[in-house]
1. Please enumerate the residues belonging to region 1-46 that are in contact with a strand residue (DSSP E or B) (Cβ under 7 Å, 6 or more places away or on another chain), aliphatic (A, V, I, L, M) and within 16 Å of Tyr93 (Cα to Cα).
2. Among the residues in region 37-46, are any open to solvent by less than 20 Å² (accessible area, probe 1.4 Å) and at pLDDT 95 or above?
3. I'd like the residue in region 67-79 that is touching a residue at least 12 places away in the same chain (Cβ under 8 Å) and in a strand (DSSP E or B) and, out of all such residues, is surrounded by the most Cβ atoms within 10 Å (Cβ to Cβ).
4. Among Leu20, Leu82, Leu4, which is in a loop (DSSP other than H, G, I, E, B), of a type outside the set (Asp, Glu), open to solvent by less than 40 Å² (accessible area, probe 1.4 Å) and at pLDDT 95 or above?
5. Just to check your reading of the model, which residue among Phe64, Phe29 is open to solvent by less than 30 Å² (accessible area, probe 1.4 Å), under 23 Å from Gln1 (Cβ atoms) and aromatic (Phe, Trp, Tyr)?
6. Evaluate region 39-62: report whether one residue or more is in contact with a His (Cβ under 6 Å, 6 or more places away or on another chain) and of a type in the set (S, T, N, Q).
7. Name every residue in region 85-105 that is crowded, with 17+ Cβ neighbours inside 10 Å and in a loop (DSSP other than H, G, I, E, B), in order of residue number.
8. For Arg38, only one of the following conditions fails: (1) more than 16 Å from Trp100 (Cβ to Cβ); (2) touching a Leu at 6+ places or on another chain (Cβ under 9 Å); (3) among the basic types (Lys, Arg). What is its number?
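The values are calculated or read from the model by the stated rules, or taken from the named source; none is laboratory data. The model shown is predicted, which means the values in this text are computed figures rather than measured ones. All Cβ positions, glycine included, derive from the backbone under ideal geometry; neighbour counts span all protein chains shown. When the accessible area is computed, the model is the full protein with side chains, heavy atoms only, and any ligands, DNA or RNA have been set aside. Shrake-Rupley method; radii C 1.70, N 1.55, O 1.52, S 1.80 Å.
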Amino acid sequence: QVQLVESGGGMVQPGGSLRLSCVASGFIFSLYNMHWYRQAPGKERELVATISSTGGSTNYVDSFTISRANVKNTVYLQMNSLKPEDTAVYFCYVPRLRVWGQGTQVIVSS
């Protein structure tokens, strides 16, 4: 059974940092590209970052960095210089399997 479990969300002040984790199970993690998305209240889900099976990455938010640790079956999203507009539920996704995690809430507020 393919499963993705996100963690690391929470409340942080503007300018702060968080690192999200997504632990995968049920498939050979190292062979699959992984994505992070986010969905803010009342908005569509948007792509935040992608990383290939070989580690090549694209970050669509300047202060965010995606990475992966295949030995831990985990993909990370390091988020720095957080702004209130970064408030959203963050999801990891395996595009080839079309599987989503349950999401982790990030709130950026003073």
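1. Correct list: Val2, Leu4, Val5, Leu20, Val23, Ala24, Met34.
2. Within region 37-46, the first condition is being open to solvent by less than 20 Å² (accessible area, probe 1.4 Å), and the residues that meet it are none.
Within region 37-46, none of the residues are open to solvent by less than 20 Å² (accessible area, probe 1.4 Å) and at pLDDT 95 or above.
3. Applying the first criterion (touching a residue at least 12 places away in the same chain (Cβ under 8 Å)) to region 67-79 yields 67-68, 70, 72-79.
Those left that are additionally in a strand (DSSP E or B): 67-68, 74-79.
Working: Ser67: 14, Arg68: 23, Thr74: 18, Val75: 30, Tyr76: 21, Leu77: 27, Gln78: 16, Met79: 27.
Checking each candidate, the answer is Val75.
4. Numbers: Leu20 fails: in a loop (DSSP other than H, G, I, E, B); Leu4 fails: in a loop (DSSP other than H, G, I, E, B).
The match here is Leu82.
5. Details: Phe64 fails: under 23 Å from Gln1 (Cβ atoms).
Of the residues listed, the single one that is open to solvent by less than 30 Å² (accessible area, probe 1.4 Å), under 23 Å from Gln1 (Cβ atoms) and aromatic (Phe, Trp, Tyr) is Phe29.
6. As a first pass, look at region 39-62 and keep what is in contact with a His (Cβ under 6 Å, 6 or more places away or on another chain): 50.
Filter once more, keeping what is of a type in the set (S, T, N, Q): 50.
Scanning region 39-62, I find at least one residue that is in contact with a His (Cβ under 6 Å, 6 or more places away or on another chain) and of a type in the set (S, T, N, Q), so the answer is yes.
7. Selection gives Thr87, Gly101, Gly103.
8. Evaluating Arg38 over (1) more than 16 Å from Trp100 (Cβ to Cβ); (2) touching a Leu at 6+ places or on another chain (Cβ under 9 Å); (3) among the basic types (Lys, Arg) leaves (1) as the failure.
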